[in-house]
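Here's the structure we're looking at; comments come further down.
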Amino acid sequence: MKAITIVGGGLAGLTLGLLLRRKEVPVKLYEAGSYPRHRVCGEYLSGRALRILDSLGLRSKLRSLGAVESRDLVIARGPSTLLLHRLPQPALCLSRFEFDRFLAGEFSCSGGTIETHTRVPTEPMEGTVLATGRQPMKVEKGWRWFGLKAHAHGVTLEAGLEMHLSTHGYVGLCRIEGEQVNVCGLFRSRHPVPDLATSWKRWLCGEPESLLHRRLHQAKWDDSSFSSVAALSLAPRKSSDHTGLRLGDAFTMIPPVTGNGMSMAIEGARLAAGPLEEWSGGRMEWTLAAEKVGRLLDHAFASRLRHARWLQHAMLDPFPQSLAWSLVRWVPGFSSLLFRLTR
Ligand SMILES: Cc1cc2nc3c(=O)[nH]c(=O)nc-3n(C[C@H](O)[C@H](O)[C@H](O)COP(=O)(O)OP(=O)(O)OC[C@H]3O[C@@H](n4cnc5c(N)ncnc54)[C@H](O)[C@@H]3O)c2cc1C
(Lines give C-alpha, C1' and ligand atoms only; values in the text may rest on other atoms or scores of the structure.)
Protein backbone atom coordinates (compact mmCIF):
# COMPACT_ATOMS: atom_id res chain seq x y z
CA MET A 1 0.00 0.00 0.00
CA LYS A 2 1.15 3.57 -0.68
CA ALA A 3 2.03 5.68 2.38
CA ILE A 4 0.00 8.72 3.49
CA THR A 5 1.82 11.75 4.85
CA ILE A 6 -0.04 13.85 7.44
CA VAL A 7 1.17 17.36 8.20
CA GLY A 8 -0.03 18.47 11.67
CA GLY A 9 -0.57 16.33 14.74
CA GLY A 10 -3.58 17.94 16.41
CA LEU A 11 -6.86 16.08 16.77
CA ALA A 12 -7.56 15.90 13.02
CA GLY A 13 -4.12 14.59 12.06
CA LEU A 14 -3.80 12.14 14.95
CA THR A 15 -7.30 10.71 14.52
CA LEU A 16 -6.77 10.27 10.79
CA GLY A 17 -3.42 8.60 11.44
CA LEU A 18 -5.00 6.20 13.89
CA LEU A 19 -7.93 5.36 11.60
CA LEU A 20 -5.60 4.68 8.68
CA ARG A 21 -3.28 2.53 10.79
CA ARG A 22 -6.27 0.43 11.82
CA LYS A 23 -6.71 -0.26 8.09
CA GLU A 24 -2.99 -1.15 7.80
CA VAL A 25 -2.21 1.96 5.71
CA PRO A 26 1.42 3.15 6.23
CA VAL A 27 1.35 6.68 7.75
CA LYS A 28 4.02 9.24 8.51
CA LEU A 29 2.97 12.28 10.53
CA TYR A 30 4.95 15.52 10.96
CA GLU A 31 4.22 17.77 13.93
CA ALA A 32 5.80 21.20 14.37
CA GLY A 33 5.53 21.03 18.17
CA SER A 34 5.69 18.14 20.64
CA TYR A 35 3.59 16.27 23.23
CA PRO A 36 2.28 16.95 25.75
CA ARG A 37 1.48 20.63 25.38
CA HIS A 38 -1.25 23.06 26.31
CA ARG A 39 -3.43 24.54 23.60
CA VAL A 40 -6.07 27.24 23.53
CA CYS A 41 -9.28 25.21 23.63
CA GLY A 42 -12.42 25.07 25.74
CA GLU A 43 -11.61 21.35 26.16
CA TYR A 44 -15.28 20.57 25.83
CA LEU A 45 -15.85 17.72 23.36
CA SER A 46 -19.43 17.53 22.24
CA GLY A 47 -21.17 16.05 19.23
CA ARG A 48 -20.81 13.17 16.81
CA ALA A 49 -17.13 12.57 17.56
CA LEU A 50 -18.12 10.90 20.80
CA ARG A 51 -19.64 8.03 18.83
CA ILE A 52 -16.47 7.77 16.73
CA LEU A 53 -14.35 7.57 19.88
CA ASP A 54 -16.70 4.85 21.15
CA SER A 55 -16.35 2.89 17.93
CA LEU A 56 -12.55 3.08 18.24
CA GLY A 57 -12.76 1.87 21.83
CA LEU A 58 -11.18 5.10 23.09
CA ARG A 59 -13.89 6.69 25.21
CA SER A 60 -13.34 4.40 28.20
CA LYS A 61 -9.59 5.05 28.01
CA LEU A 62 -10.24 8.82 28.06
CA ARG A 63 -12.42 8.32 31.12
CA SER A 64 -9.58 6.50 32.82
CA LEU A 65 -7.41 9.58 32.16
CA GLY A 66 -9.94 11.53 34.21
CA ALA A 67 -12.19 12.96 31.46
CA VAL A 68 -15.30 14.47 33.05
CA GLU A 69 -18.84 14.05 31.66
CA SER A 70 -20.62 17.37 31.46
CA ARG A 71 -24.43 17.30 31.43
CA ASP A 72 -25.56 20.85 32.03
CA LEU A 73 -24.85 24.39 30.95
CA VAL A 74 -25.11 27.80 32.59
CA ILE A 75 -25.08 30.99 30.55
CA ALA A 76 -24.41 34.18 32.48
CA ARG A 77 -23.97 37.84 31.69
CA GLY A 78 -22.51 40.30 34.20
CA PRO A 79 -23.85 39.41 37.66
CA SER A 80 -26.83 37.32 36.48
CA THR A 81 -27.49 33.81 35.27
CA LEU A 82 -29.51 33.91 32.02
CA LEU A 83 -30.00 30.18 31.50
CA LEU A 84 -29.49 26.88 33.26
CA HIS A 85 -29.97 24.09 30.76
CA ARG A 86 -29.74 20.31 30.83
CA LEU A 87 -27.94 19.23 27.65
CA PRO A 88 -29.65 16.80 25.28
CA GLN A 89 -26.35 14.87 25.09
CA PRO A 90 -23.48 14.89 27.63
CA ALA A 91 -20.07 16.25 26.59
CA LEU A 92 -16.64 14.92 27.54
CA CYS A 93 -14.12 17.30 29.07
CA LEU A 94 -10.41 16.56 29.15
CA SER A 95 -7.38 18.83 28.79
CA ARG A 96 -5.75 18.93 25.37
CA PHE A 97 -2.49 18.33 27.25
CA GLU A 98 -3.76 14.81 28.03
CA PHE A 99 -5.98 14.25 24.99
CA ASP A 100 -3.38 14.97 22.29
CA ARG A 101 -0.66 13.12 24.22
CA PHE A 102 -2.94 10.10 24.54
CA LEU A 103 -3.86 10.06 20.83
CA ALA A 104 -0.21 10.46 19.80
CA GLY A 105 0.60 7.41 21.97
CA GLU A 106 -2.23 5.38 20.42
CA PHE A 107 -1.07 6.34 16.93
CA SER A 108 2.53 5.29 17.65
CA CYS A 109 1.38 2.02 19.27
CA SER A 110 -0.63 1.22 16.15
CA GLY A 111 2.53 1.42 14.04
CA GLY A 112 2.35 5.05 12.84
CA THR A 113 5.49 7.18 12.68
CA ILE A 114 5.56 10.67 14.21
CA GLU A 115 8.31 13.22 13.76
CA THR A 116 7.83 15.99 16.31
CA HIS A 117 9.60 19.38 16.26
CA THR A 118 9.36 19.19 12.47
CA ARG A 119 7.61 21.91 10.53
CA VAL A 120 7.19 20.95 6.88
CA PRO A 121 5.92 23.05 3.94
CA THR A 122 2.14 23.06 3.61
CA GLU A 123 2.06 22.56 -0.14
CA PRO A 124 -0.64 20.36 -1.62
CA MET A 125 0.94 17.14 -2.84
CA GLU A 126 -0.24 13.70 -3.85
CA GLY A 127 -0.46 11.50 -0.76
CA THR A 128 -0.27 14.44 1.66
CA VAL A 129 -3.06 15.53 4.03
CA LEU A 130 -2.85 19.01 5.57
CA ALA A 131 -4.14 19.02 9.14
CA THR A 132 -2.19 22.10 10.13
CA GLY A 133 -4.86 23.89 12.14
CA ARG A 134 -6.32 27.35 11.72
CA GLN A 135 -5.30 29.61 8.86
CA PRO A 136 -4.30 32.91 10.49
CA MET A 137 -6.13 36.11 9.54
CA LYS A 138 -5.02 39.31 11.28
CA VAL A 139 -8.28 41.20 10.90
CA GLU A 140 -11.74 39.92 9.96
CA LYS A 141 -14.43 42.52 9.18
CA GLY A 142 -12.52 45.01 11.33
CA TRP A 143 -12.22 42.64 14.32
CA ARG A 144 -9.09 41.02 15.73
CA TRP A 145 -10.01 37.74 17.38
CA PHE A 146 -7.88 36.13 20.06
CA GLY A 147 -8.18 33.26 22.50
CA LEU A 148 -6.73 32.76 25.99
CA LYS A 149 -6.81 29.77 28.25
CA ALA A 150 -5.42 28.49 31.55
CA HIS A 151 -6.27 25.86 34.14
CA ALA A 152 -7.17 26.65 37.72
CA HIS A 153 -7.92 24.85 40.98
CA GLY A 154 -10.28 26.02 43.70
CA VAL A 155 -13.14 27.04 41.36
CA THR A 156 -16.68 25.88 42.14
CA LEU A 157 -19.10 25.71 39.22
CA GLU A 158 -22.88 25.45 39.11
CA ALA A 159 -22.82 23.31 35.93
CA GLY A 160 -20.39 21.19 33.91
CA LEU A 161 -19.98 24.12 31.52
CA GLU A 162 -20.51 27.80 32.26
CA MET A 163 -20.42 30.44 29.55
CA HIS A 164 -19.95 34.02 30.77
CA LEU A 165 -20.72 36.72 28.22
CA SER A 166 -19.17 40.19 28.24
CA THR A 167 -18.84 43.13 25.87
CA HIS A 168 -15.49 41.84 24.55
CA GLY A 169 -16.41 38.18 24.07
CA TYR A 170 -17.05 35.30 26.41
CA VAL A 171 -15.29 32.98 28.82
CA GLY A 172 -16.11 29.28 29.20
CA LEU A 173 -15.46 27.44 32.44
CA CYS A 174 -15.45 23.68 32.29
CA ARG A 175 -14.52 20.93 34.74
CA ILE A 176 -11.68 18.74 33.53
CA GLU A 177 -9.50 16.01 35.03
CA GLY A 178 -7.78 16.37 38.40
CA GLU A 179 -10.38 18.69 39.98
CA GLN A 180 -9.23 21.44 37.63
CA VAL A 181 -11.34 23.94 35.76
CA ASN A 182 -10.35 25.01 32.26
CA VAL A 183 -10.87 28.75 31.81
CA CYS A 184 -10.94 29.66 28.12
CA GLY A 185 -11.98 32.93 26.54
CA LEU A 186 -12.61 34.12 23.02
CA PHE A 187 -12.32 37.89 22.65
CA ARG A 188 -12.43 40.48 19.90
CA SER A 189 -11.00 43.95 19.62
CA ARG A 190 -10.93 46.67 16.97
CA HIS A 191 -7.32 47.47 17.91
CA PRO A 192 -4.17 45.44 18.58
CA VAL A 193 -4.10 44.26 22.20
CA PRO A 194 -0.60 44.43 23.68
CA ASP A 195 0.82 42.53 26.68
CA LEU A 196 -1.53 39.56 26.77
CA ALA A 197 1.27 37.58 28.41
CA THR A 198 0.94 39.81 31.48
CA SER A 199 -2.74 40.84 31.32
CA TRP A 200 -4.36 37.45 30.60
CA LYS A 201 -5.80 36.94 34.10
CA ARG A 202 -7.57 40.28 33.87
CA TRP A 203 -9.19 39.27 30.56
CA LEU A 204 -10.21 35.84 31.84
CA CYS A 205 -11.58 37.05 35.21
CA GLY A 206 -14.09 39.53 33.70
CA GLU A 207 -15.60 42.69 35.21
CA PRO A 208 -15.31 43.08 39.00
CA GLU A 209 -19.11 42.84 39.59
CA SER A 210 -19.63 39.82 37.35
CA LEU A 211 -20.50 36.26 38.31
CA LEU A 212 -17.37 35.19 36.40
CA HIS A 213 -15.23 37.36 38.64
CA ARG A 214 -16.85 35.85 41.73
CA ARG A 215 -16.24 32.32 40.41
CA LEU A 216 -12.55 32.99 39.81
CA HIS A 217 -11.98 35.13 42.89
CA GLN A 218 -10.08 32.40 44.76
CA ALA A 219 -8.72 30.51 41.75
CA LYS A 220 -5.26 28.99 42.10
CA TRP A 221 -3.91 29.34 38.59
CA ASP A 222 -1.56 26.87 36.94
CA ASP A 223 0.50 29.52 35.15
CA SER A 224 2.34 26.86 33.13
CA SER A 225 -0.94 25.94 31.40
CA PHE A 226 -1.50 29.46 30.05
CA SER A 227 -1.67 29.66 26.26
CA SER A 228 -2.89 32.22 23.80
CA VAL A 229 -3.71 32.41 20.12
CA ALA A 230 -4.35 35.43 17.90
CA ALA A 231 -5.33 36.14 14.29
CA LEU A 232 -8.25 33.71 14.41
CA SER A 233 -10.43 33.49 11.36
CA LEU A 234 -13.97 32.35 12.13
CA ALA A 235 -15.48 32.74 8.65
CA PRO A 236 -16.78 29.40 7.35
CA ARG A 237 -14.92 27.82 4.44
CA LYS A 238 -15.69 25.07 1.97
CA SER A 239 -13.64 22.72 -0.16
CA SER A 240 -13.66 25.01 -3.22
CA ASP A 241 -11.83 27.66 -1.11
CA HIS A 242 -8.77 25.39 -0.86
CA THR A 243 -6.19 23.53 -2.83
CA GLY A 244 -5.04 20.18 -1.49
CA LEU A 245 -6.70 17.83 0.96
CA ARG A 246 -7.35 19.60 4.27
CA LEU A 247 -8.93 18.47 7.52
CA GLY A 248 -9.90 20.04 10.85
CA ASP A 249 -9.34 23.77 11.31
CA ALA A 250 -7.18 23.74 8.17
CA PHE A 251 -10.43 23.04 6.29
CA THR A 252 -12.68 25.37 8.26
CA MET A 253 -13.12 26.69 11.80
CA ILE A 254 -16.52 26.62 13.43
CA PRO A 255 -17.13 29.40 15.97
CA PRO A 256 -15.76 27.99 19.26
CA VAL A 257 -18.98 28.91 21.10
CA THR A 258 -20.49 25.69 19.71
CA GLY A 259 -17.86 23.49 21.40
CA ASN A 260 -17.85 21.48 18.19
CA GLY A 261 -14.45 22.19 16.54
CA MET A 262 -12.76 19.14 18.04
CA SER A 263 -15.69 16.99 16.95
CA MET A 264 -15.42 18.33 13.39
CA ALA A 265 -11.69 17.53 13.36
CA ILE A 266 -12.43 13.93 14.41
CA GLU A 267 -15.49 13.55 12.15
CA GLY A 268 -13.50 14.93 9.19
CA ALA A 269 -10.78 12.36 9.82
CA ARG A 270 -13.40 9.59 9.80
CA LEU A 271 -14.89 10.86 6.51
CA ALA A 272 -11.47 11.10 4.87
CA ALA A 273 -10.21 7.67 5.94
CA GLY A 274 -12.23 5.68 3.37
CA PRO A 275 -11.15 7.54 0.19
CA LEU A 276 -7.56 7.72 1.48
CA GLU A 277 -7.48 3.97 2.03
CA GLU A 278 -8.71 3.51 -1.53
CA TRP A 279 -5.92 5.75 -2.87
CA SER A 280 -3.37 3.91 -0.76
CA GLY A 281 -4.55 0.57 -2.17
CA GLY A 282 -4.32 1.91 -5.75
CA ARG A 283 -8.08 1.81 -6.29
CA MET A 284 -8.62 5.57 -6.67
CA GLU A 285 -6.69 8.49 -8.24
CA TRP A 286 -5.44 11.11 -5.76
CA THR A 287 -7.45 13.94 -7.35
CA LEU A 288 -10.64 11.89 -7.12
CA ALA A 289 -9.94 10.94 -3.51
CA ALA A 290 -9.26 14.60 -2.58
CA GLU A 291 -12.45 15.76 -4.38
CA LYS A 292 -14.50 13.07 -2.67
CA VAL A 293 -13.21 14.06 0.79
CA GLY A 294 -13.97 17.73 0.03
CA ARG A 295 -17.54 16.86 -0.99
CA LEU A 296 -18.07 14.73 2.13
CA LEU A 297 -16.80 17.52 4.40
CA ASP A 298 -18.94 20.18 2.68
CA HIS A 299 -22.02 18.00 3.00
CA ALA A 300 -21.39 17.11 6.64
CA PHE A 301 -20.60 20.62 7.88
CA ALA A 302 -22.46 23.22 5.76
CA SER A 303 -25.62 23.37 7.84
CA ARG A 304 -23.96 23.46 11.25
CA LEU A 305 -21.52 26.15 10.09
CA ARG A 306 -24.48 28.31 9.05
CA HIS A 307 -26.25 27.91 12.38
CA ALA A 308 -23.02 28.36 14.32
CA ARG A 309 -22.47 31.74 12.70
CA TRP A 310 -25.89 32.84 13.83
CA LEU A 311 -25.23 31.55 17.36
CA GLN A 312 -21.95 33.44 17.47
CA HIS A 313 -23.79 36.71 16.65
CA ALA A 314 -26.33 35.88 19.32
CA MET A 315 -23.58 35.54 21.90
CA LEU A 316 -21.77 38.75 20.99
CA ASP A 317 -23.99 41.35 19.33
CA PRO A 318 -26.74 43.21 21.25
CA PHE A 319 -29.70 42.87 18.84
CA PRO A 320 -29.35 39.15 17.96
CA GLN A 321 -28.59 38.56 21.63
CA SER A 322 -31.88 40.02 22.87
CA LEU A 323 -33.77 38.16 20.13
CA ALA A 324 -32.08 34.89 21.06
CA TRP A 325 -32.86 35.32 24.77
CA SER A 326 -36.51 36.05 24.02
CA LEU A 327 -36.69 32.85 21.94
CA VAL A 328 -34.90 30.83 24.63
CA ARG A 329 -37.28 32.18 27.29
CA TRP A 330 -40.56 31.87 25.38
CA VAL A 331 -40.13 28.99 22.93
CA PRO A 332 -39.94 25.63 24.71
CA GLY A 333 -37.10 23.46 23.41
CA PHE A 334 -35.40 26.35 21.54
CA SER A 335 -32.06 25.96 23.35
CA SER A 336 -32.04 22.19 22.71
CA LEU A 337 -32.79 22.88 19.05
CA LEU A 338 -29.84 25.30 18.82
CA PHE A 339 -27.63 22.70 20.46
CA ARG A 340 -28.67 20.07 17.92
CA LEU A 341 -28.37 22.38 14.90
CA THR A 342 -24.75 23.19 15.72
CA ARG A 343 -23.66 19.55 16.02
C1 LIG B 1 -10.81 30.03 22.05
C2 LIG B 1 -11.13 28.67 21.48
C3 LIG B 1 -11.91 27.80 22.21
C4 LIG B 1 -12.25 26.54 21.68
N5 LIG B 1 -13.03 25.70 22.42
C6 LIG B 1 -13.40 24.50 21.91
C7 LIG B 1 -14.22 23.62 22.66
O8 LIG B 1 -14.57 23.86 23.82
N9 LIG B 1 -14.62 22.45 22.05
C10 LIG B 1 -14.25 22.12 20.79
O11 LIG B 1 -14.66 21.07 20.30
N12 LIG B 1 -13.44 22.93 20.07
C13 LIG B 1 -13.00 24.11 20.60
N14 LIG B 1 -12.16 24.92 19.87
C15 LIG B 1 -11.74 24.48 18.53
C16 LIG B 1 -10.69 23.36 18.58
O17 LIG B 1 -9.64 23.70 19.44
C18 LIG B 1 -10.16 23.12 17.16
O19 LIG B 1 -11.24 23.01 16.28
C20 LIG B 1 -9.31 21.85 17.07
O21 LIG B 1 -8.18 21.97 17.88
C22 LIG B 1 -8.89 21.61 15.63
O23 LIG B 1 -7.99 20.54 15.57
P24 LIG B 1 -6.94 20.47 14.37
O25 LIG B 1 -6.26 19.16 14.52
O26 LIG B 1 -7.59 20.83 13.11
O27 LIG B 1 -5.92 21.66 14.66
P28 LIG B 1 -4.87 21.86 15.82
O29 LIG B 1 -5.33 21.21 17.07
O30 LIG B 1 -4.58 23.33 15.85
O31 LIG B 1 -3.57 21.08 15.33
C32 LIG B 1 -2.82 21.49 14.22
C33 LIG B 1 -1.39 21.01 14.42
O34 LIG B 1 -0.65 21.20 13.24
C35 LIG B 1 0.67 21.57 13.60
N36 LIG B 1 1.25 22.25 12.45
C37 LIG B 1 0.85 23.42 11.88
N38 LIG B 1 1.60 23.71 10.80
C39 LIG B 1 2.48 22.68 10.67
C40 LIG B 1 3.51 22.41 9.74
N41 LIG B 1 3.77 23.23 8.71
N42 LIG B 1 4.25 21.29 9.88
C43 LIG B 1 4.00 20.43 10.91
N44 LIG B 1 3.02 20.65 11.83
C45 LIG B 1 2.28 21.76 11.71
C46 LIG B 1 0.50 22.44 14.82
O47 LIG B 1 1.67 22.50 15.60
C48 LIG B 1 -0.66 21.74 15.53
O49 LIG B 1 -0.19 20.81 16.48
C50 LIG B 1 -11.78 26.16 20.39
C51 LIG B 1 -10.96 27.03 19.68
C52 LIG B 1 -10.63 28.28 20.21
C53 LIG B 1 -9.75 29.20 19.43
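The values are calculated or read from the model by the stated rules, or taken from the named source; none is laboratory data. Bear in mind the structure is a predicted one, so any value in this text is a computation, not a measurement. Heads up, the Cβs are rebuilt from the backbone with ideal geometry, glycines too, and the neighbour counts pull from every protein chain shown. The accessibility values were calculated without ligands, DNA or RNA, using every heavy atom of the protein model including side chains. Shrake-Rupley method; radii C 1.70, N 1.55, O 1.52, S 1.80 Å.
Of note:
- The chain: relative contact order as a whole-number percent, Cα under 8 Å and 6+ apart: 23 percent
- Heavy-atom accessible area per residue - segment 76-223, 1.4 Å, Å²: 49 Å²
- Taking one quarter of the surface of the C-alpha convex hull of the chain gives a mean projected area of 16.3 nm².
- Extent along the principal axes, Cα only, for segment 240-343: 56, 24, 17 Å, with the longest axis given first.
- Paired Rg and Dmax values of segment 132-260, which use every Cα atom, in angstrom: 15.7, 49
- Net charge of Cβ neighbours under 13 Å - reference VAL181; Lys, Arg +1; Asp, Glu -1: -2
- Exceedance of the 30 Å cut-off in Cα-Cα distance is limited, within the set LYS28/LYS141; LYS28/LYS201; LYS2/LYS149; LYS61/LYS201; LYS23/LYS238, to LYS28/LYS141; LYS28/LYS201; LYS2/LYS149; LYS61/LYS201.
- Principal semi-axes in Å for segment 72-126 [√(5λ), Cα gyration tensor, largest first]: 39, 17, 12
- Here is the list for segment 167-259: trypsin sites (Lys or Arg not before Pro) lying in DSSP coil, each with at most 12 other C-beta atoms within 10 angstrom of its C-beta, are ARG190.
- Protein accessible area in segment 161-267, 1.4 Å probe - carbon and sulfur %: 51 percent
- Loop-resident trypsin sites (Lys or Arg not before Pro) (DSSP state other than H, G, I, E or B) in segment 1-107 with no more than 14 further Cβ atoms inside 10 Å of their Cβ: LYS2, LYS23, ARG37.
- For segment 1-156, convex hull volume per residue from C-alpha positions, Å³: 162 Å³
- Split the accessible area of segment 1-107 by element, probe 1.4 Å, and carbon with sulfur accounts for 49%.
- Share antiparallel - DSSP beta bridges, the chain, percent rounded to 5: 70 percent
- Debye-sum result for segment 164-227 in log10 I(q)/I(0), which assumes one identical scatterer on each alpha carbon, at q = 0.12, 0.18, 0.30 Å⁻¹: -0.30, -0.69, -1.59
- Surrounding net charge for PHE107, when Lys and Arg each add one and Asp and Glu each subtract one, Cβ distance under 13 Å: 0
- The residues packed around ALA230, meaning those with a beta-carbon under 9 Å from its beta-carbon, carry a net charge of +2 if Lys and Arg are +1 and Asp and Glu are -1.
- In a reduced charge model with +1 at each Lys and Arg Cβ and -1 at each Asp and Glu Cβ, the chain shows a dipole moment near 520 debye about its Cα centre.
- In the chain, the longest principal axis of the Cα atoms and the axis of helix 96-109 are about 20 degrees apart.
- Across the chain, the longest run free of exposed loop sites, meaning GluC sites (Glu not before Pro) lying outside DSSP classes H, G, I, E and B with no more than 11 other Cβ atoms within 10 Å, spans 1-178.
- Between helix 286-316 and the chain there is an angle of about 0 degrees, using the helix long axis and the longest principal axis of the Cα atoms.
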